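To start, the structure itself, in structure tokens.
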Amino acid sequence: MLRFILDEHLRGPLWSAIARHNTLGGLPIDATRVGDSPDLPLGTDDASLLLWAEREGRILLTEDVHTMPGHLAQHVQSGRHSPGVFVISVGFSIKEIVEHLELVAHAGAPQVYQDTITYVP
């Protein structure tokens, strides 16, 4: 099963929807948030977040379409790897995003997302 880390700005409605989904008995989505772990505090910069996601084997969920692609490119060019970055696309409901994450978490192949940006859904 694929695991996720939510960027700091996704701590609100998406996090709540994932928690509700998991409570209601769908296939579980393993997600955590920036600020939940002592070694990943609120305010963590993108480069450090990518290092943490790599170490923990978690795909980064973000809305940061402006700077994250560049940070991921630098991360990979420096010889590092990433489980992947999912950029949440504008115009989709939270329900659609959670349904997509559930499917990907349980049917997705990790190597498909490694070192790449995927737009969700």
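The values are calculated or read from the model by the stated rules, or taken from the named source; none is laboratory data. Keep in mind that what you see is a predicted model, and the values were worked out from it rather than measured. Neighbour counts are summed over all protein chains in view; Cβ atoms, including those assigned to glycine, are modelled from backbone coordinates with ideal geometry.
Observations
- Test for Leu49: is it within 17 Å of Val87 (Cβ to Cβ), under 14 Å from the mean Cα position of the chain (by Cα), at pLDDT 95 or above and not hydroxyl-bearing (Ser, Thr, Tyr): yes
- Of all residues in the stretch 67-88 being closer than 15 Å to Gln111 by Cα and among the β-branched types (Val, Ile, Thr), the one that is surrounded by the fewest Cβ atoms within 10 Å (Cβ to Cβ): Val76
- Residues (closer than 25 Å to Asp45 by Cα and among the aliphatic types (A, V, I, L, M)) located in the stretch 95-121: Ile97, Leu101, Ile117, Val120
- Close pairs from the stretch 21-34: first without any contact (Cβ under 8 Å) to a residue 60 or more places away in the chain and more than 11 Å from Leu2 (Cβ to Cβ), partner surrounded by fewer than 14 Cβ atoms within 10 Å (Cβ to Cβ) and of a type in the set (Gly, Ala, Ser), Cβ under 9 Å, at least 6 apart: Val34/Gly43
- Scanning the stretch 101-115 finds one or more residues that are in contact with a Ser or Thr (Cβ under 6 Å, 6 or more places away or on another chain), of a type outside the set (Phe, Trp, Tyr) and outside any helix (DSSP H, G or I).
- Looking across the stretch 29-40, the residues that are of a type outside the set (A, V, I, L, M, F, W, C) and either crowded, with 19+ Cβ neighbours inside 10 Å or at pLDDT below 95 (or both) come down to Arg33, Gly35, Asp36, Ser37, Pro38, Asp39.
- Single residue of Leu49, Leu72, Leu103 found to be free of Cβ contacts under 8 Å to residues at least 12 places away in the same chain and either in contact with a strand residue (DSSP E or B) (Cβ under 7 Å, 6 or more places away or on another chain) or more than 14 Å from Asp7 (Cα to Cα) (or both): Leu103
- If you go through the stretch 109-121 and pick out every residue that is farther than 14 Å from Thr62 by Cα and either in contact with a strand residue (DSSP E or B) (Cβ under 6 Å, 6 or more places away or on another chain) or buried (at least 17 other Cβ atoms within 10 Å of the Cβ) (or both), you end up with 1.
- All positions within the stretch 3-28 that are surrounded by fewer than 12 Cβ atoms within 10 Å (Cβ to Cβ) and part of a loop (DSSP other than H, G, I, E, B): Gly12, Leu24, Gly25
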